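First comes the structure, then the notes that go with it.
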Amino acid sequence: MVQVAQVVAGSVSHLLDRAFNPDEEEEDTEQRVVHPKTDEQRCRLQEACKDILLFKNLDQEQLSQVLDAMFERKVKPQEHVIDQGDDGDNFYVIERGLYDIVVAKDNQSRCVGRYDNHGSFGELALMYNTPRAATIVATTEGALWGLDRVTFRRIILKNNAKKRKTYELFIESVPLLKSLEASERMKIVDVIGEKVYQDGERIISQGDKADCFYIVESGEVKILIKSKTMTCKEANQEVEIARCHRGQYFGELALVTNKPRAASAYAVGEVKCLVMDVQAFERLLGPCMDIMKRNITHYEEQLVAMFGSSMDLMDPGN
Ligand code: CMP
Ligand code: CMP
């Protein structure tokens with residue numbers, strides 16, 4: 001279902017059935033969906049969208065078309081925003097509220113994750129023309145921003161075709177992802193966003209709640225830890241424990257262990273990272289879990305060698 005919207009020129013319904021062809025250079029004469037907003041709404045919308053990975057690689061004109069097309073939706077506790085198996089109508093960005101992700105398989109429903117006041121969902125059915133892969137249930141009152149299917153496909157899919165060209169070779173070269181099928185690697189490209197950090201900028205803070213996974217695309221990242229096993233004098237000092245370069249990853253530990261970030265990460269010079277949210281990490285990187293777990297054993301050995309204990313990994317935080 002397409003939301004009733006003010007459409008700048010004519011109707012959008014005929015666009016629904018059009019197959020998307022990324023190579024077809026579309027003239028920007030397409031009808032645009034515009035939901036007028038107050039300044040206050042626009043501010044809230046911009047805040048909610050500032051970390052949305054699918055929007056990270058859009059140019060300014062594309063982003064402004066996306067923001068124009070978005071509409072507000074308030075939800076009540078227990079409301080189903082999406083039902084598994086339905087056709088995809090909208091993509092949603094969370095402004096606030098808690099939402100359970102429920103997947104039914106073999107006649108059993110299981111809560112596989114939760115969105116906590118930020119993030120986005122509902123992209124899969126729109127990207128791949130498949131039925132909704134999960135049910136999303138609000139567990140509190142909440143507010144969402146929706147983006148209709150037509151605008152999503154016109155802008156985000158076009159951008160994804162460009163992203164595939166840009167990142168295909170790089171993603172193929174990432175050692176962690178070598179065991180994946182080519183199609184699985186492309187699904188990773190579809191949902192990642194690129195973030196740029198300046199020299200000295202903190203990418204991850206030790207003790208924080210974790211929601212993202214990072215692959216270094218260019219530059220250098222240093223990992224520092226404030227260890228609890230050090231003497232009082234040294235305890236407040238961060239000690240460098242690792243460096244990550246192009247093709248290497250970090251930020252997986254807290255997602256795998258469900259614990260706070262075990263260390264901090266800083267940019268050394270300008271750094272570009274490809275970033276994936278925790279839901280995509282869990283959905284797409286299952287086949288790489290053994291490699292990551294093996295590497296976590298190395299972290300433990302390293303911390304024991306440096307501080308005489310790996311307690312910081314059992315009980316991370318400040
Ligand atoms: P879509 O299939 O369009 O609708 C349900 C959404 O739930 C899906 O897009 C994803 O955005 C989101 N989601 C989060 N985690 C999962 C998961 N493990 N499996 C499927 N969908 C998920
Ligand atoms: P995470 O705990 O999510 O955030 C900090 C990251 O630093 C961590 O994931 C690892 O990816 C990375 N890291 C690198 N070396 C170590 C180490 N020896 N101990 C803990 N984390 C490390």
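The values are calculated or read from the model by the stated rules, or taken from the named source; none is laboratory data. Keep in mind that what you see is a predicted model, and the values were worked out from it rather than measured. Here the Cβ is made from the backbone with ideal geometry for all residues, glycine too, and neighbour counts use every protein chain on show. The area values use the complete protein model at the heavy-atom level, side chains included, leaving out ligands, DNA and RNA. Shrake-Rupley method; radii C 1.70, N 1.55, O 1.52, S 1.80 Å.
Over the chain, with every protein chain in place, what whole percent of the accessible area is carbon and sulfur at 1.4 Å, could you tell me?
That fraction is 48 percent.
Please report how far the C-alpha centroid of segment 179-229 lies from that of segment 234-292, rounded to the nearest whole angstrom.
Centre-to-centre (Cα) distance: 5 Å.
Using Stokes-Einstein with the Kirkwood hydrodynamic radius over Cα pairs, what translational diffusion coefficient do you get for segment 191-301 at 20 °C and a viscosity of 1.002 mPa s, in µm²/s rounded to a whole number?
The calculation lands on 148 µm²/s.
Helix-only mean residue ellipticity at 222 nm, the chain, DSSP H runs n ≥ 4 weighted -39,500 (n - 2.57), per residue, nearest 500. What is it?
Helices in the chain give a 222 nm mean residue ellipticity of -8500 deg cm²/dmol.
Which of the lysines could a cross-linker bridge to residue 228, judged by Cα under 18 Å and excluding same-chain residues fewer than eight apart?
259
Ratio of Rg to Rh for segment 107-162, alpha carbon only, Kirkwood?
That ratio is 1.01, to two decimals.
I'd like to check one number: the per residue accessible area of the chain, probe 1.4 Å, reported in Å² as a whole number.
50
Students often check this: by mean Cβ neighbours within 10 Å, which of 281-293, 262-274 ranks highest, and how do the rest follow?
Order by mean packing, descending: 262-274, 281-293.
Mean projection of the alpha-carbon convex hull of the chain over all orientations, in nm²? Numbers along the way, then the final one.
Working: hull surface 72.9 nm².
About 18.2 nm², averaged over all directions.
So what is the diffusion coefficient of segment 132-226 in µm² per second by Stokes-Einstein at 4 °C and 1.567 mPa s, using a Kirkwood Rh over Cα pairs?
Details: Rh = 16.9 Å.
Rounded, D is 77 µm²/s.
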